[in-house]
Each structure stands twice: as structure tokens, then as C-alpha cells.
1. Please verify whether ASP385 is surrounded by fewer than 16 Cβ atoms within 10 Å (Cβ to Cβ) and at pLDDT 90 or above, treating the condition exactly as stated.
2. Return the residue satisfying two criteria in turn: it lies in segment 142-190 and is part of a loop (DSSP other than H, G, I, E, B) and in contact (Cβ under 8 Å) with a residue 12 or more places away in the chain, and of such residues it is farthest from LEU240 (Cα to Cα).
3. Sort through GLY416, GLY364, GLY341 and tell me the only one that's in a loop (DSSP other than H, G, I, E, B) and surrounded by fewer than 19 Cβ atoms within 10 Å (Cβ to Cβ).
4. Quick check: anything in segment 283-296 among the β-branched types (Val, Ile, Thr), crowded, with 20+ Cβ neighbours inside 10 Å, touching a residue at least 40 places away in the same chain (Cβ under 8 Å) and closer than 20 Å to LEU328 by Cβ?
5. If you go through segment 220-267, how many residues are surrounded by fewer than 20 Cβ atoms within 10 Å (Cβ to Cβ) and among the aliphatic types (A, V, I, L, M)?
6. Take the residues in segment 288-338 that are small (Gly, Ala, Ser) and modelled with pLDDT under 90; name whichever of them is farthest from GLY179 (Cα to Cα).
7. Residues of segment 388-401 being among the charged types (D, E, K, R) and modelled with pLDDT under 90, which ones?
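The values are calculated or read from the model by the stated rules, or taken from the named source; none is laboratory data. Note that this is a predicted model, so its numbers are computed, not measured. Glycine gets a Cβ as well: all are built from the backbone with ideal geometry, and neighbour counts include every protein chain shown.
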Amino acid sequence: MLSVNRTGECATVRCALIGATGLNCINSRASSITCLIATQITHMLVTPSSLANSPAQNRVIVSTPATRMTTSSGSAMPQAVLASELCEVRQCQTVETSASWSGRAAVSGRSHGETLLGTRATDAVVVPRPSDSERRLICGQLFRGRALYEIFTRCERRVEDDRRRALARAGGDECLLNGMLQALRDARLTINFNPVQLVQSLRPHLGSEWVNCFAFREKPGAPRGSNVGRAHMEEFALGLGELLGGNQPYAEFARDCQERSFQWTSRPCYAALDFLHGPKGGAPTYGSSFLVLHDRFKHVCSYSPVDTFAQRLGRDVNPNELSTFFHLEALIGNCQDDWLGYSCLGSLKKKASGKDVPIHRNYGHGGRNNYIDVQVYARILLHRDVKEIHLSYEDLLQMSDKQRQDVERNSADLNGKLGREFIIIDR
């Protein structure tokens, strides 16, 4: 929980983990996934471009974490303040965020058994105080973080069973299974799109952030009422039922997508796990152009073996089929194995064995069976969170000559300023 101690107009925000009294294998993985969720909360408040014009009385100081932690799998991950509750900062002038993973924990004495970790404050940056609308967006994000934590908890309960199932699908070969897991860990996260549709539907104030369909009253280009249908699907497929009931924290921001209180940040954005590094990304059925997210986003995602919005043999995706980055055995245990077309399981085995895996014509096409669906529980800012943007020349040909020329010229200018290939036009 986010622990707040007030003295006058100042607040001290400390990192707290629920029930994490040690850093054993399970607890360290839980700590990792929850602190990664919180990274987004911290970053949402940091908008450097607006600092210069922000009045001093409307600024808060948030210290940014400088240390890193290591999970049980040995991967280093960025560390930030864990926030499973919203810290409402009114007219405070200073928010000191303290975070240190030294292994020493001091129990805060608050309810739910949360634990304060560390006392060392890090370098501080000045950020504007969030507005009411920003607070509501943060509340939605906090609900979304709780949803991911529930998925993580379900995966922890069945971790041994999932390992046995995955090993059986690998033919009992531990070495092959470990290779398959590594192939999934090394995969890239891609978001496919059609740039023509994107330009036509984009709101000016959303231009710097990738959003889900709930940021719009109706999804652009979709039948009327599609948002309501997706909301109901997510309630089942993501297992949101208990989190939306009663007086659960932040549920009012996620219950009814037609209500004013609903926040689009309460629901995930969608991507694909492109372990074959396809020339058109992981799900070209949604467009031949695609974004590549930074690898750190893999830790704040859940993974479905098929499209969560489509039915499989008359039934929806079950919440127990979802996995996290720390439970990819569940993904292997449930991934599709189509003998007549593209086989996710067969491709994984070939890649883990070091064999050449040609891209099947159905890879990422033909609906939900042909790609690994990824739910991203974090804000995606284009200038901060995107590693590359690939624009398909086929898509650009749908634009007018002037639009296409502008895109090509602006892409070259931006790449020159960055000193690297950030926007890549695939011909």
C-alpha cells in the first residue's frame, strides 16, 4: 500500500509491499511484478516539458529510484515506488519517495500487513501536482494494477501443475522446455496498427500516448456498442469479477464503460508476443505497421495463448489460461498446436532447438489462433516507452502523395536528430 505520513502540508511516501516479509523465490517475484506496475504511477506524474511553466505552489517533489533489483530468475529490473492505493496530495509542496531494497524491512503498523522497505531517499525531481482528471486516471491505473496482481496470484497457486503440463508438451525434455521458455522471454512486444486509420481517429490530446478503445466513446471503425462487448469479455477473461464487486478499491473507475466515472486506464492495452520476429510484427491481422515496446514492459503484462476477444471452439478464454512473465510455463501448456496451419507449439520447439523457423503465412493472421495475445497493464507514452516504429510502405500507399511524403520526410528528420533508426519504413 502507499503509506502517507502528513506533517502540515508535506507528505512522506514510502514503498510498501503487502505481506512481503522476505525475499524468497515467490515473494521476490511478487515484489518484482508489483514494483514494476508502480513504475508507471511514478512516471505518469513526471511531465518534464510542463515543469518550466508550473507555478511553485502547484509542484511536488518526487524522488526517483536509482537502484535495481534482481528477480529469482536473475534478471535485473528497474525499481520504483509500489502504489496499490492512491496518495491524494492536496496542497503539499514536497513528496519524498523513499525506496531501498537492502533486504531490511520495517513493518509500518498499518492494516493488511503491508511492509515498508528501506529508508534511503534518492535524487528528487520537481513535478506538477496532479489535477483531478489525472487523479482519476491514476485510480484507473491502480485498479488495472490490482487486476494484474490477481492474475499473478492465480499463477502462483498452480505453478507446479503448469510446469508439469509444459514439460509434457515438450516431450519430457527439460532442456527443450527451458529453450522454449527462453525464446518467449527473448521475444519482442509489438502493437500492430494501420497508420491511415490511426490518423483518422486520433484525438489531438492523445497524440503522445497509445491508448485502448475505452479512451473513445465508441471504438473508431468498430460497430456501435463494441466497447460494451469488450468490457464484458474482459470481466470474464481477465477475472475481474471479484475486483468489481462491493466496495473494492477503485472499482467505481472500472465498472461500467458507459458511466462518466469509468476510466480507460482501468483496462489494459493490447499487444502481441512476437517470438518469431515476423517482418510485420506479431499480429499483422490488425495492420502491417507496428510499434516495438521496450523490454521492461514484458513484466507488466499478462499473456493469453489466443485472442482474448474471440471464442475458441464455442468457449471463451479462461482466466486460468493467462500467465505472466514469471509463469510462461502456463503459456506453453495452453498454446495452440494447429497441425493444418501455423503451430505456435511447433514453432517454439523448432526455435528452442536452434532450427530455422520460416514465418508461416498464417502467423499473426486469421484471427485469434495465430498469435499470442498480450495485455499491457501500464501507460504507454510514445516518446518514452517505444523502442521502434515500423511503418509498412503498403500502408503508406493508402495515404495521399502529400501525406506519404510528409511522413517520409519527418521520419528522416527525427531519425537524424535521434542519431538512430527510430522510425523504420519497411518496403
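1. Taking the combined requirement at face value, the residue does not satisfy it.
2. ALA170
3. Testing whether each residue is in a loop (DSSP other than H, G, I, E, B) and surrounded by fewer than 19 Cβ atoms within 10 Å (Cβ to Cβ) leaves just GLY341.
4. yes
5. Count: 5.
6. So, considering only residues that are small (Gly, Ala, Ser) and modelled with pLDDT under 90, the one farthest from GLY179 (Cα to Cα) is GLY314.
7. Matches in segment 388-401: GLU394, ASP395.
Table: residues versus (1) under 17 Å from the mean Cα position of the chain (by Cα); (2) assigned by TED's automatic domain parsing to the domain that holds MET399; (3) in contact (Cβ under 8 Å) with a residue 60 or more places away in the chain.
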residue: ASP256; (1), (2), (3): no, no, no
residue: ASP274; (1), (2), (3): yes, yes, yes
residue: LYS298; (1), (2), (3): yes, yes, yes
residue: TYR303; (1), (2), (3): yes, yes, yes
residue: LYS351; (1), (2), (3): no, yes, yes
residue: ILE359; (1), (2), (3): no, yes, yes
